[in-house]
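Every read-out reported here was derived from the displayed coordinates using simple, explicitly stated rules and does not represent laboratory data. Model, not experiment: these values are computed from the prediction. Using ideal geometry, Cβ is built from the backbone for each residue, glycine included, and neighbour counts are taken over all protein chains shown.
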Amino acid sequence: MDVFPIRTDHDHARALRRIEELWNAAPNSLEEAELDILATLVDAYEERRWPILASNPIEAIVTYMSERMLTQADLAKVIGSQSRASEILNRRRHLTLQMVWALNKKWRIPAELLIRPYKIKASGKSKAAVRRIVGSRPPRPTARA
């Protein structure tokens, strides 16, 4: 087994070459164990060396999903429902504390990325529609002096 710490870009390149050699290792073999260890070390090094620098939580989630070929359905399993996943990805709803917790625990997305403020898109109602709704309320009683 040729396992070594990954501290430099040179070590990283060497580990990637070894992973390529081990890619089709037989199940339950020493080579498969070495592959698993090296992949874990490479992943840890890459997260330290090239952290996700998303400017907002949605970018962080989309980047994570893209890198791991995950779908909206995968996100739905983590945060609770397909409609919520759609609302989050389309910036129609803010992440809740429970969603942040689940994404941090299940996908290991740093909570610091998920709690950053971000803007959501305006609702589908136009300002005119809101004025009609607000304007249709009965007048408030005035206080008499």
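Taking the range 55-122, which trypsin sites (Lys or Arg not before Pro) meet the DSSP loop condition and have no more than 15 other C-beta atoms within 10 Å? Those satisfying the criteria are Arg68, Arg91, Arg92, Arg108, Lys119, Lys121. Taking 0.36 nm per residue of sequence separation and removing the Cα-Cα distance, the Ala25/Lys77 pair yields an extension gain of 15.6 nm. P(r) tail, the range 9-49: Cα-Cα pairs separated by more than 12 Å, 55% of all pairs. Expressed in Å, the radius of gyration and Dmax of the Cα atoms of the range 57-114 are 9.9, 25.
Label separation (Met69 vs Ala44): 2.6 nm, computed from points 7 Å beyond Cα along the C-beta direction. The alpha-carbon of Lys121 sits under 19 angstrom from the alpha-carbons of these aspartates and glutamates, leaving out residues fewer than 8 places away in its chain: Glu59, Glu87.
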